[in-house]
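Read the structure below first, then the notes.
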Amino acid sequence: MSQAKAYSASSATSSLAADTITRREPTERDVQIEILFCGVCHSDLHQVRNEWSGVAPTVYPCVPGHEIIGRVTQVGSAVTNFKPGDLAAVGCLVDSDRNCPNCQDGLEQFCPNMIFTYNAPDKHLGGVTYGGYSDSIVVDEHFVLHVPANLDLAGAAPLLCAGITTYSPLRHWGVTAGKKVGIVGLGGLGHMGVKFAHAMGAHVVVFTTSPSKTEDALRLGADEVVISRNADEMQKHAGSFDFILDAVSADHDINAYINLLTRDGNLTLVGAPEKPLNLSAFGLLFGRRSLSGSLIGGIAETQEMLDFCGEHNITSDVEVIPIQKINEAYERLLKSDVKYRFSIDMASLRSE
Ligand code: NAP
Ligand code: ZN
């Protein structure tokens, strides 16, 4: 076992602060990684503040972070895919049973024995897993990804959650050239959704509550921008979307978006607000529309997404912060004030 520096929260109402945690010695299948950058997902904030207590109650201390990029420092004797010095990435998953039908289909995120990168039972050390707000991590090689060499590392970190969470449903729902696609909420996930839908050739419309984000949305790849609080602007798009991806982190009216779908259109939720959303049946009945959800993506698809980003030179637009600014960053997330993902430079933790 070794000691690692980390930032943790000790309760739902405490700020994150410097801490020391234990990491396991790499077993024969493990890769030990020195963490260089870790993206800041709104899920980190939901989890730290125990906003998902009904589904995934938070165990404290909580070390969040599941958008991890680093360099391999050590590998176990059976590891074949990585060697010391390689770039490596870890997303939201660090284990699954690799046996169930979901794992066999490459959909480890739906495995009943799937283990999240933080706040999930740690079968090696007991307690819960600790995430990427730390200077190192040890992960089974099956859950470690390769990073294309041409990508900026700070901007690549958010691909591991914001990237795959938007890429996967766009692929699953067949987004291609000729489709009209809506992206709701221009935050960390939303801005990646815009980049991917644009790269897939779709006509992309961004729905935002922040008029100040209009120019950025167009620069990121949107063809049109709708200020979602303007009912007239919304009405102009009624019945016209093949697919809408909803990446909003807080309570909002999804019925307004369902009414914008065409016949057989689909709205997929990736946002995970604390409280249940209100759903009117009629929006779905008229037009045989559907509403679904999507959770990150499997390991093979995450590698496919990273390779797609390498080919298209896609990274997240990041504001790089030292870890000492993490509490301020959370407050800014709550004000939709991030362009468009915070990425923690973990060198700042080494100097603590
Ligand atoms: P984020 O960067 O904070 O972005 C959320 C965006 O939602 C904001 O930028 C804002 O966009 C919009 N928004 C916020 N409050 C709103 C409100 N009251 N009404 C309408 N719009 C509002 O968050 P994120 O990291 O992208 O995460 C988004 C959500 O996805 C979170 O709930 C997170 O937990 C969840 N998530 C899910 C998965 C999954 O696997 N399904 C994976 C990762 C994250 P505008 O300023 O453009 O309006
Ligand atoms: Zn995330």
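The values are calculated or read from the model by the stated rules, or taken from the named source; none is laboratory data. What you are looking at is a predicted structure, and each value in this text was computed from that prediction instead of being measured. Using ideal geometry, Cβ is built from the backbone for each residue, glycine included, and neighbour counts are taken over all protein chains shown. These accessible areas exclude ligands, DNA and RNA; they are computed on the full protein's heavy atoms, side chains included. Shrake-Rupley method; radii C 1.70, N 1.55, O 1.52, S 1.80 Å.
Residue selection: LEU334 satisfies the criterion of being open to solvent by 20 Å² or more (accessible area, probe 1.4 Å), within 17 Å of the chain's Cα centre (by Cα) and within 15 Å of ligand 1 (Cβ to nearest atom). If you check ALA177, ALA156 for being in the same structural domain as ARG263 (by TED's automatic domain parsing) and either within 16 Å of ligand 2 (Cβ to nearest atom) or more than 27 Å from MET114 (Cα to Cα) (or both), only one passes: ALA177. Restricting ALA238, ALA149 to those that are out of contact with any Ser or Thr (no Cβ under 7 Å at 6 or more places or on another chain), more than 24 Å from LEU93 (Cα to Cα), open to solvent by 20 Å² or more (accessible area, probe 1.4 Å) and modelled with pLDDT of 95 or more reduces the list to ALA238. When region 70-80 is examined, which residues are found to be open to solvent by 10 Å² or more (accessible area, probe 1.4 Å), within 13 Å of ILE137 (Cβ to Cβ) and of a type in the set (Val, Ile, Thr)? Result: THR73, single match. Which one is nearest to the chain's Cα centre (by Cα) among residues in region 288-322 that are on the phi > 0 side of the Ramachandran plot and open to solvent by 30 Å² or more (accessible area, probe 1.4 Å)? Ranking the candidates gives ASN313 first. Restricting attention to region 160-201, the residues that are away from ligand 1 (no atom under 14 Å from the Cβ) and either touching a Cys at 6+ places or on another chain (Cβ under 7 Å) or open to solvent by less than 10 Å² (accessible area, probe 1.4 Å) (or both) total 3. GLY271 satisfies every condition listed in (1) within 16 Å of ligand 2 (Cβ to nearest atom); (2) open to solvent by 70 Å² or more (accessible area, probe 1.4 Å) except (2). Among the residues of region 215-242, the one identified as free of Cβ contacts under 8 Å to residues at least 24 places away in the same chain, within 11 Å of ligand 1 (Cβ to nearest atom) and out of contact with any strand residue (DSSP E or B) (no Cβ under 7 Å at 6 or more places or on another chain) is ARG229.
Applying the selection to region 241-264, what residues are exposed (fewer than 14 other Cβ atoms within 10 Å of the Cβ) and of a type in the set (Gly, Ala, Ser)? ALA250, the sole residue that qualifies.
Please verify whether GLU34 is more than 16 Å from ligand 2 (Cβ to nearest atom) and over 23 Å from the mean Cα position of the chain (by Cα), treating the condition exactly as stated. Taking the combined requirement at face value, the residue does not satisfy it.
Of all residues assigned to region 211-222, none qualifies as being surrounded by fewer than 24 Cβ atoms within 10 Å (Cβ to Cβ), β-branched (Val, Ile, Thr), in a strand (DSSP E or B) and out of contact with any Phe, Trp or Tyr (no Cβ under 7 Å at 6 or more places or on another chain). Cβ-Cβ distances below 6 Å connect the following pairs, each with a first residue in region 187-214 that is among the hydroxyl-bearing types (Ser, Thr, Tyr) and modelled with pLDDT of 95 or more, a second residue that is open to solvent by less than 30 Å² (accessible area, probe 1.4 Å) and near ligand 1 (Cβ under 9 Å from one of its atoms), and a separation of six or more residues or different chains: THR208/LEU186; THR209/SER228.
Comparison of SER14, SER53 shows that the only residue that is open to solvent by less than 60 Å² (accessible area, probe 1.4 Å) and in the same structural domain as ASP122 (by TED's automatic domain parsing) is SER14. Within region 57-69, residues that are closer than 20 Å to GLN109 by Cα and buried (at least 24 other Cβ atoms within 10 Å of the Cβ) sit with their Cβ atoms under 9 Å from residues that are modelled with pLDDT of 95 or more and among the basic types (Lys, Arg), at 6+ positions apart or across chains, in these pairs: GLU67/ARG341. One residue stands out in region 287-304 among those that are touching a strand residue (DSSP E or B) at 6+ places or on another chain (Cβ under 9 Å) and of a type in the set (A, V, I, L, M, F, W, C): the one that is farthest from ligand 2 (Cβ to nearest atom), namely LEU291.
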